[in-house]
Amino acid sequence: MRLSTKGEYGLRAMFELAKHYGKGPLPLKVVAERQDLSEPYLEQLFGILRRGGLVQSVRGAQGGYVLSKSPSSIKIGDIIRVLEGPIVPVDCVSDENDSDEACVRFDNCIARNVWEKVRKSITDVLDSMTLESMLKEYQDTQNDN
């Protein structure tokens, strides 16, 4: 299972907004510069993040984007799901698939248990971390230097 640049860059951009949380909107140009990302690509990602309810746009000269909730309320798994879709190694273990449609071997697949454990492990990790916990880990590494 491999995340696309949507998930990778989107998480970095959301982290940048979390660092700026409570200080007003942050222009995409600034996010792009700080994270060395393409501003046009970020515009696409932020459209998805806005529709997913994770960010809000603020218009005007001092406009930009802000998190729609506190960093402690936004799980990394939420960001990945909004940008990438369901977190699954194979379709048959997706919560969104009907068992009959997922696979003809759904009821007697030897490997399905493995894929369910992989999915659970990944979602447990992503849902146990928030933007706030990412910030704390980042700050701890900065204090060590």
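No lab work stands behind these numbers, since they all come straight from the coordinates. It should be emphasised that the depicted structure is a prediction, and the values quoted were computed from it without experimental measurement. Using ideal geometry, Cβ is built from the backbone for each residue, glycine included, and neighbour counts are taken over all protein chains shown.
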Which loop trypsin sites (Lys or Arg not before Pro) in region 1-90, with loop taken from DSSP, have no more than 11 other Cβ atoms within 10 angstrom of their Cβ? 2, 23, 59
Out of 28, 93, 121, whose Cα points farthest toward the positive end of the dipole of the chain (charges: +1 Lys, Arg; -1 Asp, Glu; placed on Cβ)? 28
Compute the orientation-averaged projected area for the chain from the convex hull of its Cα atoms and round it to one decimal in nm². 10.3
For residue 2, the net charge from surrounding residues (Cβ-Cβ under 15 Å; K, R +1; D, E -1) works out to 0
Relative contact order (%) - region 5-144, alpha-carbon pairs under 8 angstrom, separation at least six: 26
Note down the magnitude of the dipole of the chain about its Cα centre, charges +1 on Lys and Arg C-beta and -1 on Asp and Glu C-beta and zero elsewhere, to the nearest 20 debye. 460
